[in-house]
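To keep things clear, I will list the structure first and then write my remarks on it.
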Amino acid sequence: MQKEITDDLDALISVLTPPLAQALREVNRSEDLLEIVLDLGRLPEARFVDGEVVLSNQEVCQADIDYVASRIGDFGDDNRAGIERTLHRISAIRNRKGRIVGLTCRVGRAVYGTIDIVQDIVDSGKSIMFLGRPGVGKTTMLREAARVLAEKKRVVIVDTSNEIGGDGDIPHPAIGRARRMQVATPALQHAVMIEAVENHMPEVIVIDEIGTELEAAAARTIAERGVQLIGTAHGNALENVMMNPTLADLVGGIQSVTLSDEEARRRGTQKSILERKAPPTFEVVIEIQDWDRLAVRHNVAEAVDAILRGRAPLPELRYRDPAGEIHVETAVAPSPAAEAPRALRVELHERAREAAPVQTAPSGEREAMRIFAYGLSQNRLRQAARELSLPVIVTTEVEESDIVFTLRSYYRKRPAALGVAEQKGIPIYVLRSNTVVQMQKYLAELFGLAIEEDPFTKAMEEAENAIARVTSGANAVDLSPQNAYVRRKQHELARQFNLLSRSLGKEPRRHVQIYQDLRVA
């Protein structure tokens with residue numbers, strides 16, 4: 001369907017003073033006009049898509065403002081008014097005494113044929129939320145969705161500021177067969193939303209600018225009753241809604257959860273994490289980037305979960321080219337097969353480092369090395385460097401580092417910080433465990449320091465490897481026989497990772513067993 005635009009611009013021009021109306025007609029750029037601004041004591045302006053035009057060299061006086069205000073509808077509690085049977089919106093600026101000292105006359109256009117780019121989503125019956133910056137076309141698309149759906153479903157529009165259906169008791173033809181419920185005051189919008197469901201049996205409810213907790217709660221109630229909800233909210237993208245405590249419930253809500261030590265270790269995260277609290281009110285989010293360019297998130301629940309876990313899922317991109325053709329670029333999620341080369345690269349990375357020969361440190365003073373520790377204990381890293389007398393600076397920003405230390409569990413998940421390091425060419429070293437011994441081994445390699453591995457170091461490294469095996473799923477691992485002092489240190493190391501350990505056998509074959517299940521024989 002070709003786009004068809006209806007703007008009723010003559011009705012808006014007719015409420016201006018004759019000199020201003022004549023000046024606006026002489027500009028002759030009605031198709032690009034966004035709004036007309038009248039401020040007391042300033043020059044009147046017409047704002048277009050690409051700039052502003054001064055309509056008169058005479059400053060706006062109180063009589064000019066009163067003239068316009070007297071020829072339009074009444075202003076509501078939100079200081080908005082309109083012109084009957086049109087979509088134009090006139091917003092007032094008042095002084096402390098309540099007198100109008102400024103007007104913003106925004107052009108309202110009914111654009112038919114804009115919904116075809118997301119027609120399949122609108123017809124799916126899923127609840128949809130449109131996001132985007134002011135003036136990008138959210139309300140226009142909302143209005144067109146209502147018109148199209150009203151041809152085959154019962155559609156009710158909750159029109160708070162008469163911006164969807166226009167001013168006056170008779171709605172604008174742009175909403176088609178949809179019914180419109182007006183709201184006496186913005187504070188009652190949530191109540192009218194519930195009233196619409198209870199009294200008029202709609203299959204679809206359309207609501208513009210959900211902005212309060214009560215409205216978000218009403219939206220959830222509507223969605224849970226099986227009614228398709230199509231609305232808009234403040235925010236450019238899904239992340240904006242998630243960070244807004246008032247609107248976060250629309251996408252499921254965010255809550256802080258404290259994990260057990262075992263679960264935190266399994267996930268490779270901190271004990272306190274953020275998780276989605278409930279199913280989202282809106283199943284689909286459409287981010288309007290421009291008039292003919294949209295980003296679609298078909299599964300809001302999955303997108304929110306991925307964002308909370310530090311991943312940035314790519315939305316589906318839809319756009320209309322200059323010829324009017326619609327293009328869809330589907331975001332392909334990485335498959336397990338695509339992740340395999342990464343895991344393999346980790347293994348090769350570790351093997352190469354273990355096989356590298358250790359060289360003697362060069363003479364002279366060593367240059368300080370800045371290390372960013374991701375998922376590792378910074379205090380242990382400092383202790384490892386201090387015991388080896390190495391000049392190491394532990395940084396808090398990955399961009400400032402020369403080297404990155406992390407663990408295999410973090411490296412496989414590809415968090416944003418490690419992605420930045422790879423983009424900037426910063427080497428990433430994958431350690432087997434979060435221990436001082438392991439850190440010293442890698443620091444020695446980095447600084448070319450020859451460390452003679454004494455029996456104690458070998459015994460502790462064996463314990464680290466056993467811990468890694470048990471954490472990965474092994475029930476129990478037996479270590480080599482050691483003396484009482486070494487066994488005590490191995491027990492302490494196991495406790496650091498919340499694993500169980502015990503000594504078995506008799507001297508001189510007494511050894512430590514590390515396990516995670518008390519039922520292991």
Next item on the list: Among the residues of segment 158-190, count how many are surrounded by fewer than 15 Cβ atoms within 10 Å (Cβ to Cβ), more than 19 Å from ILE5 (Cα to Cα) and not polar (S, T, N, Q).
Entry: 5
Next item on the list: Can you run down the residue pairs with Cβ atoms below 6 Å, 6 or more apart or on separate chains, where the first is in segment 251-267 and more than 26 Å from VAL284 (Cβ to Cβ) and in contact (Cβ under 8 Å) with a residue 24 or more places away in the chain and the partner is outside any helix (DSSP H, G or I) and not aliphatic (A, V, I, L, M)?
Entry: ASP261/ASN498
Check: If only one of ALA484, ALA474, ALA459 is farther than 21 Å from ARG386 by Cβ, surrounded by fewer than 20 Cβ atoms within 10 Å (Cβ to Cβ) and more than 42 Å from the chain's Cα centre (by Cα), which one is it?
Finding: ALA484
Margin query: Tell me yes or no: at least one residue of segment 100-119 is surrounded by 20 or more Cβ atoms within 10 Å (Cβ to Cβ), in the same structural domain as ILE207 (by TED's automatic domain parsing) and without any contact (Cβ under 8 Å) to a residue 60 or more places away in the chain.
Written below: yes
Checklist line | Residue that is more than 41 Å from the chain's Cα centre (by Cα) and surrounded by fewer than 13 Cβ atoms within 10 Å (Cβ to Cβ), where the choices are ASP74, ASP66 | finding: ASP66
Margin query: Suppose we filter segment 174-212 for residues that are in a helix (DSSP H, G or I) and either under 19 Å from LEU229 (Cβ atoms) or without any contact (Cβ under 8 Å) to a residue 24 or more places away in the chain (or both); how many remain?
Written below: 15
Note to self: Cβ contacts < 7 Å: first residue on the phi > 0 side of the Ramachandran plot, restricted to segment 384-404; second residue outside any loop (DSSP other than H, G, I, E, B) and buried (at least 16 other Cβ atoms within 10 Å of the Cβ), any location; separation 6+ or different chain. Result?
What the structure shows: none
Check: So which of THR457, THR471 ends up being free of Cβ contacts under 8 Å to residues at least 40 places away in the same chain, among the polar types (S, T, N, Q) and within 30 Å of HIS511 (Cβ to Cβ)?
Finding: THR457
Check: Considering segment 416-440 alone, what residues qualify as being part of a loop (DSSP other than H, G, I, E, B) and either modelled with pLDDT of 85 or more or surrounded by fewer than 19 Cβ atoms within 10 Å (Cβ to Cβ) (or both)?
Finding: LYS424, GLY425, ILE426, PRO427, ARG432
Check: If you scan segment 120-139, which residues turn out to be of a type in the set (Ser, Thr, Tyr) and either in a loop (DSSP other than H, G, I, E, B) or surrounded by fewer than 14 Cβ atoms within 10 Å (Cβ to Cβ) (or both)?
Finding: SER124, SER127
Margin query: more than 30 Å from ARG147 (Cβ to Cβ), free of Cβ contacts under 8 Å to residues at least 40 places away in the same chain and surrounded by 14 or more Cβ atoms within 10 Å (Cβ to Cβ): is that true of GLU26 in this structure?
Written below: no
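The values are calculated or read from the model by the stated rules, or taken from the named source; none is laboratory data. Keep in mind the model is a prediction, meaning the values are calculated, not measured. Because the Cβ atoms are built from the backbone with ideal geometry, glycine has one as well, and the counts that use them run over all protein chains shown.
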